[in-house]
Amino acid sequence: METVILAVIIAVVVLGVLGGLVVGSRRKKSLPPPPPAAPDITAPPAEPHVGDEAEMPRDEPRRTIEEVDLPDGSAPVVVEELPAPEIEIPEPTAGRLVRLRARLSRSQNALGKGLLTLLSREHLDDETWEEIEDILLTADVGVQPTTELVDRLRERVRVLGTRTPDELRGLLREELLKLIGTDVDRVVKTEPADRKPGIVMVVGVNGTGKTTTTGKLARVLVADGRTVVLGAADTFRAAAADQLQTWGERVGAYTVRGPEAGDPASVAFDAVKEGKEMGVDVVLIDTAGRLHTKTGLMDELGKVKRVVEKHAPLDEVLLVLDATTGQNGLVQARVFAEVVDITGIVLTKLDGTAKGGIVIAVQRELGVPVKLVGLGEGADDLAPFEPEAFVDALIGD
């Protein structure tokens, strides 16, 4: 019995020793590092949605629609209106060329005074008459008109005998007026008897001042008491429509325009249609500048004319010529006349040029009258052409 008890005690001791050894070995092993603690992450502020205030939403008491104070209508709502553009009153056209005659001073010195100086010589030999011819040709009078004028002057001077300065001035004035023509109708046709509006198309090559001339012509018509619609059919030149619209706004004229690089015939057609609906007196159509040597461009100009005439016939086709181009301007004029039947000439840049004789040459070449002349850069420097005032400005008082 004692033996059994002893064996049990030994077994318990052995088990205890073995358990201690196991626990000790486990403690000697390094434990894995604890997992890192999750960082504190602050959520970004909420972005405002469409219509929200740009700040963090906050809890605020909200009112119902019944609690909101609405205006009772007793106080009128004031709406600020933009001021209307100021409308200018153009200078009257009557006698405008007389008022602008000083602008012809250079032409006067080159043509009129030069001729008077030569004609005042005591002896008019062949050499003097050749000098007279040179002055006329230099002033772009043209070969045939120059020959006619010199022949008549020689005959009348021979018959006259003695020549005082006043007699010579009167003689030269008469002959120049014969060449220019005083019995020609130079009125710009804008009042057809059977309908409204009158339709005027403005054509010309690049750089002659065509759009500016159209704007100035609108001022001439407004000064004479007409109402005007402008058609910006120059859709190829950048800002041409803006330029024309600015001219129109200054005198209260409405401008019809289309998209850039659009169909100019369509713009011209719409301009006439708008003019009819508005009941205005005149529609002015500004066309794109084009080289007279470009067949396609000239054909397109003919198309604009045909499309406009679906409304009504054109009353005027005005060709704008630069007076400084001389004989080259006559070549341009011939081509345009073949395409669109020119009815009148507008000579620009006639101030500051010695080419006053171009008035005679272009009328002789085309068989149509000069109706308007540009004598400066001012808004009211476009004047109806008056032969007497023009010749008086050339030869002086």
Report yes if residue 341 is open to solvent by 10 Å² or more (accessible area, probe 1.4 Å) and within 26 Å of residue 396 (Cβ to Cβ), otherwise no.
-> no
Regarding residue 307, is this residue modelled with pLDDT of 90 or more and crowded, with 20+ Cβ neighbours inside 10 Å?
-> no
Residue satisfying all of: in region 305-330; of a type in the set (Val, Ile, Thr) and part of a strand (DSSP E or B); farthest from the chain's Cα centre (by Cα) among these = 317
Can you tell me which residue within region 331-378, out of those that are touching a residue at least 60 places away in the same chain (Cβ under 8 Å), more than 23 Å from the chain's Cα centre (by Cα) and part of a helix (DSSP H, G or I), is nearest to residue 100 (Cα to Cα)?
-> 359
Collect the residues in region 240-257 that are open to solvent by less than 60 Å² (accessible area, probe 1.4 Å) and either assigned to a helix (DSSP H, G or I) or farther than 18 Å from residue 210 by Cβ (or both), keeping them in residue-number order.
-> 240, 241, 243, 244, 245, 247, 248, 251, 252
Residues satisfying the stated conditions in region 280-290, i.e. within 18 Å of the chain's Cα centre (by Cα) and at pLDDT 90 or above = 283, 284, 285, 286, 287
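Yes/no matrix, rows are residues, columns are (1) among the charged types (D, E, K, R); (2) touching a strand residue (DSSP E or B) at 6+ places or on another chain (Cβ under 7 Å); (3) open to solvent by 80 Å² or more (accessible area, probe 1.4 Å):
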position: 128; (1), (2), (3): no, no, no
position: 134; (1), (2), (3): yes, no, yes
position: 148; (1), (2), (3): yes, no, no
position: 152; (1), (2), (3): yes, no, no
position: 166; (1), (2), (3): yes, no, yes
position: 170; (1), (2), (3): no, no, no
position: 175; (1), (2), (3): yes, no, no
position: 179; (1), (2), (3): no, no, no
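Conditions (1) open to solvent by less than 10 Å² (accessible area, probe 1.4 Å); (2) touching a helix residue (DSSP H, G or I) at 6+ places or on another chain (Cβ under 8 Å); (3) at pLDDT 85 or above, marked per residue:
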| residue | (1), (2), (3) |
| --- | --- |
| 292 | no, yes, no |
| 327 | no, yes, no |
| 347 | yes, yes, yes |
| 369 | no, yes, yes |
| 380 | no, yes, yes |
| 383 | yes, yes, yes |
| 393 | yes, yes, no |
Look through 260, 274 and report the one residue that is free of Cβ contacts under 8 Å to residues at least 60 places away in the same chain and part of a loop (DSSP other than H, G, I, E, B).
-> 260
Which numbered condition trips up residue 186, out of (1) more than 38 Å from the chain's Cα centre (by Cα); (2) surrounded by 13 or more Cβ atoms within 10 Å (Cβ to Cβ)?
-> (1)
Would you check if there is a residue in region 191-208 being open to solvent by 10 Å² or more (accessible area, probe 1.4 Å), in contact with an Asp or Glu (Cβ under 9 Å, 6 or more places away or on another chain) and among the basic types (Lys, Arg)?
-> yes
Would you check which residues across region 379-397 are in a loop (DSSP other than H, G, I, E, B), in contact (Cβ under 8 Å) with a residue 24 or more places away in the chain and over 12 Å from residue 100 (Cα atoms) and list them?
-> 379, 396
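The values are calculated or read from the model by the stated rules, or taken from the named source; none is laboratory data. Since the structure is predicted, the reported quantities are computational estimates derived from the model, not experimental observations. All Cβ positions, even for glycine, are placed from backbone atoms using ideal geometry, and neighbour counts span all protein chains on display. Note: areas computed on protein heavy atoms with side chains; ligands, DNA, RNA excluded. Shrake-Rupley method; radii C 1.70, N 1.55, O 1.52, S 1.80 Å.
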